[in-house]
1. Condition check: part of a strand (DSSP E or B), out of contact with any Leu (no Cβ under 8 Å at 6 or more places or on another chain) and either touching a residue at least 40 places away in the same chain (Cβ under 8 Å) or at positive phi (or both). Does ARG132 satisfy that?
2. Of the conditions (1) more than 25 Å from the chain's Cα centre (by Cα); (2) surrounded by 22 or more Cβ atoms within 10 Å (Cβ to Cβ), TYR138 clears all except one; give me its number.
3. Which of the following residues is over 30 Å from TYR499 (Cα atoms) and open to solvent by less than 10 Å² (accessible area, probe 1.4 Å): PRO143, PRO117?
4. Considering every residue within the range 186-204, establish whether at least one is modelled with pLDDT under 95 and farther than 30 Å from GLY280 by Cβ.
5. Does the range 36-88 hold any residues that are on the phi > 0 side of the Ramachandran plot and touching a residue at least 12 places away in the same chain (Cβ under 8 Å), and which are they?
6. Tell me, which residue of the range 523-546 that is assigned to a loop (DSSP other than H, G, I, E, B) and over 24 Å from PHE448 (Cβ atoms) is most open to solvent (accessible area, probe 1.4 Å)?
7. Return the total of residues in the range 107-120 being touching a residue at least 60 places away in the same chain (Cβ under 8 Å), assigned to a strand (DSSP E or B) and farther than 17 Å from VAL90 by Cα.
8. What number of residues within the range 450-484 satisfy the criterion of being free of Cβ contacts under 8 Å to residues at least 24 places away in the same chain and within 19 Å of GLU372 (Cα to Cα)?
Amino acid sequence: MMLKRLLVAAAISAIIEPTPGMADEAFTSITKEDLAVHIELLSSDAFEGRAPGTAGEEKTVSYVSSQFERAGAQPWKRKSYEQPIPLVEVTRKDGAVFSVEANGAKETFKLLDEFVPFAGTPKGAADLKNARLVFAGYGVDAPELGWNDYQNIDVEGAIVVLMRGEPARENDEDFFWGRELTEYYHYQKKYETAAQKGAVGAILIHTEESAGWPWSLLSGGGAGSSQYFIDEAQSEASLEVSLQISEPAAKRLFSLYGKDYDDVIQQANESADASFVFDGTADIRFAGQRRKLSSSNVIAKIQGASQPDECVIYTAHWDHVGVNTELEGDQIFNGALDNATGIAALIELAEAFNKLPEAPRRSVYFIATAVEEKGLLGAQYLVDHPVCAPEKTVAVLNIDSLFPFGSFEAMTIVGYGYSEIQDEFAAAVKTVNRVIQPDSNPEIGGFFRNDAYPFAKAGIPAIYAVGGPLNEKIEDDPALLQRFIDYGTNKYHKPADEYDAETWDLRGVEEDVKVFFEVGRSLADSEKFPNWRYDLPFRTLRDRMMAK
């Protein structure tokens, strides 16, 4: 009788205080060993850096589709896992020119050493001559923040010179969002604003502090010489061409017109009245080879049992930088950490959901997105061509670059406090003995540089989270800190981002994936529709969407 009472009490306790994820087959099916198999294969030389429109893409799409099928996840539509994306590739030709006229003399800047040009439209060509050159601060027009860099200048037909990032004032948390960036930081937002104001070109000043990566990443091939555009009618105004210039080049540009670079930048941070017209003109010539091609998002789903029209979406980008034949030595950008880890996670998640005793209430989609490295285009195409109605999309959970540096104590939420999805992570991390924490480096705008952002711009709640050490303890472990520094300096978007069985410790990656599984499982079995924080622009879009 006593044993029976104990068994009954244990059963009641389990009902009252469930422990999510612990010791069930689906949760435990996610293992570092299985993750390693996918990561090693996807980042091998055979996949040629997984660039869109290459043999590497064909192998990647085929492999991910086959693994979704093996995992028991259905094709998203009919018999295919692929969502084709029509693209235009623009590959920079030789002969790009950037020169300015100052004090009656022409000064020419050096391609790659001082500037890197980009096409503004799928036309892939621009020839701007004797264009007015205008400094427009940070290129921000934000009425809700009381800031407009364009308030006293006319940029119609001009080339605007812009700072990366957004205005900042040291130790003033009430100015803009303090250390935390807004969407006005993002270069695409700057270009859209400039085009809407009538500008035809833009020059963006690169600093390592504001960009988060060194100039060598642009000049040395990490950014590549090809751009991609979705091959659809352009509905918004676009610049004809843009340049990024190094900070030394920017200082030279300003000095040619008698301007002190440091003084100008200080003024641009202090006031929206810092904009001015340069006393001279600029020429920019750009030509690119155009090629139409098709890439694909790879989409699988687990059909919801009772609310199949409602969905939770996992995303991770399959593409990387490809091959740069101009490099000496290793020419393949394998992209092991970025983002073979994320694709391995998607496959493991699909398998785990298929192992659940019952399908969740809502459908769950697993989407390997294309062309993330060239402008988040696969995610944007999904927003424009949804597989699940926006108002029925519960949340988008993005996985990108999981760190194989051992077990971690925390999970960083990039865009901490932005949405109620964070509450689900706060609960799920307990299953692997972690806590959640904010991004320790919000100055680089990580929220706006991953596949969650296109969904956010459309109002759909989306989140990007990644495992890591506690912010306050990273300095206490010099060896671990050095691994992060080494990756960012020597491996990120470089051929050295390779899988290494001897040095990679995937315990933390396994924990990451288990947390993502618990978050998705909770949302897929609930009736919740998370929303954005009330003061974010995404909130208005979501409220409007849900009111229909």
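1. On the way: part of a strand (DSSP E or B): yes; out of contact with any Leu (no Cβ under 8 Å at 6 or more places or on another chain): yes; either touching a residue at least 40 places away in the same chain (Cβ under 8 Å) or at positive phi (or both): yes.
For ARG132, the condition - part of a strand (DSSP E or B), out of contact with any Leu (no Cβ under 8 Å at 6 or more places or on another chain) and either touching a residue at least 40 places away in the same chain (Cβ under 8 Å) or at positive phi (or both) - is met.
2. Result: TYR138 fails condition (1) only.
3. On the way: PRO143 fails: open to solvent by less than 10 Å² (accessible area, probe 1.4 Å).
Just a single option satisfies the conditions, and that option is PRO117.
4. No, there is no match, as no residue in the range 186-204 is modelled with pLDDT under 95 and farther than 30 Å from GLY280 by Cβ.
5. Going through the range 36-88, the residues on the phi > 0 side of the Ramachandran plot turn out to be 48-50, 53, 72, 78.
Passing the criteria: GLU48, GLY49, ARG50, GLY53, GLY72.
6. Narrowing the range 523-546 to residues assigned to a loop (DSSP other than H, G, I, E, B): 525-531, 533-536.
If we keep only those that are over 24 Å from PHE448 (Cβ atoms) too, we end up with 525-528.
Details: ASP525: 79, SER526: 18, GLU527: 149, LYS528: 104 Å².
Of everything passing the filter in the range 523-546, GLU527 is most open to solvent (accessible area, probe 1.4 Å).
7. Qualifying residue count, the range 107-120: 2.
8. Selection size over the range 450-484: 0.
The values are calculated or read from the model by the stated rules, or taken from the named source; none is laboratory data. Not measured: the values here are computed from a predicted model. FYI the Cβ positions are ideal-geometry reconstructions off the backbone, even for glycines, and counts take in every protein chain you see. Protein only, heavy atoms only, side chains kept; ligands, DNA and RNA dropped before computing areas. Shrake-Rupley method; radii C 1.70, N 1.55, O 1.52, S 1.80 Å.
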